[in-house]
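> Provided herewith is a single structure, encoded as structure tokens, for subsequent inquiry.
The values are calculated or read from the model by the stated rules, or taken from the named source; none is laboratory data. None of the values given here were measured: they were computed from a predicted structure. Using ideal geometry, Cβ is built from the backbone for each residue, glycine included, and neighbour counts are taken over all protein chains shown. Accessible surface is based on the protein model in full, side chains and every heavy atom, while ligands, DNA and RNA are left aside. Shrake-Rupley method; radii C 1.70, N 1.55, O 1.52, S 1.80 Å.
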Amino acid sequence: MSYYVDEKGYYGEFGGAYIPEMLYPNTEELRQNYLEIMAAPSFKEEFHQLLKDYVGRPTPLYFAERLSNKYNTKIYLKREDLNHTGAHKVNNTIGQILMAKKLGKNRIIAETGAGQHGVATATVCALMGIECVVYMGEVDIARQAPNVARMKMLGAEVRPALSGSRTLKDATNEAIRDWINNPVDTHYIIGSVVGPHPYPDMVARFQSVISEEIKAQLLEKEGRKNPDYVVACVGGGSNAAGAYYHFLDTPEVGIIAVEAAGKGIHSGESAATSALGKVGIIHGSKTLLMQTPDGQITEPYSISAGLDYPGVGPLHAHLFKSGRGEFISITDDEAMTAGLTLCQLEGIIPAIESSHGLAILEQRKFKSDDIVVMNLSGRGDKDLQNYIDYFKL
Ligand SMILES: Cc1ncc(COP(=O)(O)O)c(C=O)c1O
């Protein structure tokens with residue numbers, strides 16, 4: 001069984017491009033060109049040069065000794081939090097802004113939840129001198145205020161999404177609406193491995209630099225390329241897709257995906273898609289999503305804006321359905337506690353999204369000689385107010 005996308009844009013039964021006719025020319029233009037553009041030596045060179053000199057890659061693979069001692073296993077942290085702009089999102093936006101330029105686009109739109117993707121998009125637009133509009137749910141605008149200010153400073157216009165739960169799903173709806181109205185000059189930089197084909201594959205390829213580096217760094221540190229497990233949190237699934245990418249067809253490497261259980265899987269306030277989702281279509285992709293018995297999308301909830309999404313990318317739906325991936329759900333409380341533990345044991349303040357990944361260490365036991373790579377997708381600066389409120393600091 002393959003875990004990579006097929007020619008029609010499917011991962012097993014999931015994926016495809018379920019889009020309104022008006023969007024067909026946009027996605028078709030991208031589908032026909034993306035692989036060729038990405039394979040061109042000049043594109044690769046510019047992408048990797050920017051990742052190195054502008055983003056600061058490779059990010060370290062850090063052996064977390066005190067955390068390892070606490071949980072009696074060998075834990076490495078892949079430090080995506082050290083990227084310019086504070087998370088993995090910038091790997092993808094660097095790739096997509098270069099793609100947009102190759103396609104001759106002069107206006108960029110994006111959606112954002114935690115604001116990390118919005119900041120990463122505003123950043124590359126400033127870098128290239130291209131107009132940028134970011135859609136963001138009104139609720140997320142309130143809980144991620146520092147990132148809203150950063151986007152504005154970088155010259156982007158932040159447009160609030162006022163419908164539904166006023167979070168990531170609704171921001172995505174608004175961005176798609178904009179793209180339908182501006183099909184010729186605008187490129188939509190989707191921020192995760194979601195959306196119609198070829199987005200999930202294109203974004204996974206840009207993020208795959210994470211697992212490419214893990215392999216080389218582990219070889220240097222441990223004399224072997226493959227860890228026993230790779231762990232990542234899953235909102236739409238882009239940091240996870242990047243961390244898993246080069247291990248997907250290596251069954252000895254366990255893949256662990258961590259979702260947000262919010263106030264509890266069955267509390268009615270959760271974003272645990274694998275536990276609660278059924279097959280359906282969201283934002284142009286056939287995947288697992290949380291829905292009512294008559295197929296209306298359920299409003300998700302998580303303390304973490306980046307994980308507050310009612311679906312997962314089609315790759316992750318396939319990893320779940322096929323059993324290749326192990327899926328674990330973590331509550332708000334478990335994530336916040338794990339975030340504080342990392343601060344106090346390693347001196348690293350993680351994004352709340354990343355704290356969900358760390359929290360599995362309390363419940364998922366590993367052998368003492370297992371090598372567990374945790375993808376630390378982002379830093380906690382944007383979440384400071386949430387941490388302050390939660391711990392009454
Ligand atoms: C730090 C961080 N981690 C994880 C995510 C979740 O996104 P994804 O599942 O695409 O990696 C986000 C989204 O905003 C984020 O900011």
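> Considering only residues that are touching a strand residue (DSSP E or B) at 6+ places or on another chain (Cβ under 9 Å) and β-branched (Val, Ile, Thr), look in region 34-84 and name the one that is nearest to the ligand (Cβ to nearest atom).
If we take residues in region 34-84 being touching a strand residue (DSSP E or B) at 6+ places or on another chain (Cβ under 9 Å) and β-branched (Val, Ile, Thr), then 59 is nearest to the ligand (Cβ to nearest atom).
> Sticking with this one: Would region 206-221 turn up any residue that is outside any helix (DSSP H, G or I) and away from the ligand (no atom under 16 Å from the Cβ)?
The answer is no; no qualifying residue exists.
> Could you tell me which residue of region 179-205 is nearest to the ligand (Cβ to nearest atom), considering only residues that are among the polar types (S, T, N, Q) and either part of a helix (DSSP H, G or I) or in contact with a helix residue (DSSP H, G or I) (Cβ under 8 Å, 6 or more places away or on another chain) (or both)?
The selected residue is 192.
> Does residue 34 meet the test of being assigned by TED's automatic domain parsing to the domain that holds residue 341, more than 24 Å from residue 169 (Cα to Cα), touching a residue at least 12 places away in the same chain (Cβ under 8 Å) and surrounded by 17 or more Cβ atoms within 10 Å (Cβ to Cβ)?
In short, no.
> Still on this model: Of the residues that make up region 375-389, is at least one open to solvent by 10 Å² or more (accessible area, probe 1.4 Å) and more than 16 Å from the ligand (Cβ to nearest atom)?
The answer is yes; a qualifying residue exists.
> Would you point out which residue out of 340, 361 is open to solvent by 10 Å² or more (accessible area, probe 1.4 Å), modelled with pLDDT of 95 or more and more than 15 Å from the ligand (Cβ to nearest atom)?
Exactly one residue qualifies, and that residue is 340.
> How many residues does region 110-142 hold that are surrounded by fewer than 24 Cβ atoms within 10 Å (Cβ to Cβ), touching a residue at least 24 places away in the same chain (Cβ under 8 Å) and β-branched (Val, Ile, Thr)?
Count: 3.
> For residue 276, state whether it is more than 13 Å from the ligand (Cβ to nearest atom), touching a residue at least 12 places away in the same chain (Cβ under 8 Å) and open to solvent by 50 Å² or more (accessible area, probe 1.4 Å).
When the stated conditions are applied, residue 276 passes them.
> Another question, then. Name the residue, out of 93, 59, 73, that is under 30 Å from residue 174 (Cβ atoms) and surrounded by 15 or more Cβ atoms within 10 Å (Cβ to Cβ).
On inspection, the qualifying residue turns out to be 93.
> Considering every residue within region 365-372, establish whether at least one is open to solvent by less than 50 Å² (accessible area, probe 1.4 Å) and assigned to a helix (DSSP H, G or I).
The answer is no, given that none of the residues of region 365-372 is open to solvent by less than 50 Å² (accessible area, probe 1.4 Å) and assigned to a helix (DSSP H, G or I).
> Checking residue 39 against (1) over 30 Å from residue 151 (Cα atoms); (2) buried (at least 18 other Cβ atoms within 10 Å of the Cβ), only one condition comes out false. Which one?
The one condition residue 39 does not meet is (2).
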